[in-house]
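Enquirer: Structure incoming, see below.
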């Protein structure tokens with residue numbers, strides 16, 4: 001049943017854990033709350049999940065820093081006016 005769903009969605013024929021890994025990586029990179037993501041995938045410890053997927057977390061931190069910089073730049077412009 002799972003294989004049919006994967007085929008129907010046009011996903012590559014890979015082991016289910018490969019798809020799980022991709023899902024977790026993308027969600028971590030998107031900055032999903034660690035506790036929420038750990039709960040979704042059945043991890044008791046969000047720390048384990050984020051240690052395992054540190055490459056994605058690093059990308060999310062860079063994105064968050066860039067957004068914070070944009071907010072601060074906008075706030076600085078509004079104060080100067």
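Enquirer: What number goes with the only condition from (1) modelled with pLDDT of 80 or more; (2) surrounded by 10 or more Cβ atoms within 10 Å (Cβ to Cβ); (3) not in a helix (DSSP H, G or I) that residue 44 does not pass?
Expert: Just one mismatch for residue 44, condition (2).
Enquirer: I'm trying to understand the selection: among the residues of the range 22-41, which are surrounded by fewer than 15 Cβ atoms within 10 Å (Cβ to Cβ) and either at positive phi or assigned to a helix (DSSP H, G or I) (or both)?
Expert: 22, 23, 26, 35, 36, 39, 40, 41 - these are the residues of the range 22-41 that are surrounded by fewer than 15 Cβ atoms within 10 Å (Cβ to Cβ) and either at positive phi or assigned to a helix (DSSP H, G or I) (or both).
Enquirer: For the range 3-15, check the following and say yes or no: at least one residue is modelled with pLDDT under 85, part of a helix (DSSP H, G or I), surrounded by 13 or more Cβ atoms within 10 Å (Cβ to Cβ) and out of contact with any strand residue (DSSP E or B) (no Cβ under 7 Å at 6 or more places or on another chain).
Expert: We begin by selecting, within the range 3-15, every residue modelled with pLDDT under 85; these are 3-15.
Now narrow it down to the ones that are part of a helix (DSSP H, G or I): 3-8.
Next, from what is left, pick out any that are surrounded by 13 or more Cβ atoms within 10 Å (Cβ to Cβ): 6.
With out of contact with any strand residue (DSSP E or B) (no Cβ under 7 Å at 6 or more places or on another chain) added as a condition, the list becomes 6.
Yes, the range 3-15 contains a residue that is modelled with pLDDT under 85, part of a helix (DSSP H, G or I), surrounded by 13 or more Cβ atoms within 10 Å (Cβ to Cβ) and out of contact with any strand residue (DSSP E or B) (no Cβ under 7 Å at 6 or more places or on another chain).
Enquirer: If you don't mind, another one. List pairs: first in the range 16-35 and more than 16 Å from residue 5 (Cβ to Cβ), second part of a loop (DSSP other than H, G, I, E, B), Cβ under 8 Å, 6+ apart or cross-chain?
Expert: 24/53; 25/53; 28/53
Enquirer: Oh, and also: So which residues in the range 40-54 are more than 14 Å from residue 20 (Cα to Cα) and over 12 Å from the mean Cα position of the chain (by Cα), if there are any at all?
Expert: 44, 45, 46, 47, 48, 51, listed by residue number.
The values are calculated or read from the model by the stated rules, or taken from the named source; none is laboratory data. All values reported here derive from a predicted model rather than from experimental measurement. Cβ: placed from backbone, ideal geometry, glycine included. Neighbour counts: every protein chain shown.
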